[in-house]
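In what follows, a structure is listed as structure tokens, so that the remarks can point back to it.
The values are calculated or read from the model by the stated rules, or taken from the named source; none is laboratory data. All figures in this text were calculated on a predicted structure; none of them were measured in a lab. Quick reminder, even Gly has a Cβ in these numbers, built from the backbone with ideal geometry, and neighbours come from all protein chains shown.
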Amino acid sequence: MVDLAVYSAGDHMPLSNVAQRQGISNNYLEQVFSTLRKAGLVKSVKGAQGGYLLAKDPSEITAGMILSTLEGDLSVIDESKEAESQKDSIQYYLKDMLWRKINISIEDVVKSITLEELAQGYKASIGESDLMYYI
């Protein structure tokens with residue numbers, strides 16, 4: 001998604017270009033982008049000159065949207081295994097006081113970082129920028 005945001009310039013891009021730049025299997029990317037398309041994060045353009053483009057502006061897509069689409073629940077604890085009989089245990093206390101706070105922190109971070117920020121940060125890290133100079 002970052003590659004698409006950085007290199008597509010708002011136009012569709014063949015996955016083979018992304019695969020080559022990122023050293024990822026084209027078949028794997030097709031599976032990933034199929035999932036992203038079903039979630040409404042990318043759109044596909046069919047045909048020989050087809051490819052994928054972002055379905056929304058990068059400022060409207062968060063890391064959390066992408067991660068939850070591809071990875072599912074990002075929780076570090078399994079909330080479904082809560083037993084009433086263990087409420088006095090240390091594990092229950094730690095789950096409540098530590099692990100839930102970690103989950104909240106993770107959720108806050110991934111919801112706050114946009115694809116636009118990731119793309120801009122990547123461009124800066126490789127020495128590219130969106131600055132335009134006029135003479």
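Quick notes
- Some residue of region 94-116 being under 18 Å from the mean Cα position of the chain (by Cα), at pLDDT 95 or above and within 13 Å of LEU4 (Cα to Cα): yes
- Failed item, numbered, when ASP78 is tested on (1) surrounded by 11 or more Cβ atoms within 10 Å (Cβ to Cβ); (2) of a type in the set (D, E, K, R); (3) outside the structural domain of GLN120 (by TED's automatic domain parsing): (1)
- For the residues ARG21, ARG37, the requirement of being among the charged types (D, E, K, R) and surrounded by 13 or more Cβ atoms within 10 Å (Cβ to Cβ) singles out ARG37.
- Of the set (1) of a type in the set (Lys, Arg); (2) in contact with a helix residue (DSSP H, G or I) (Cβ under 7 Å, 6 or more places away or on another chain); (3) outside the structural domain of TYR122 (by TED's automatic domain parsing), all apply to ARG100 but (2).
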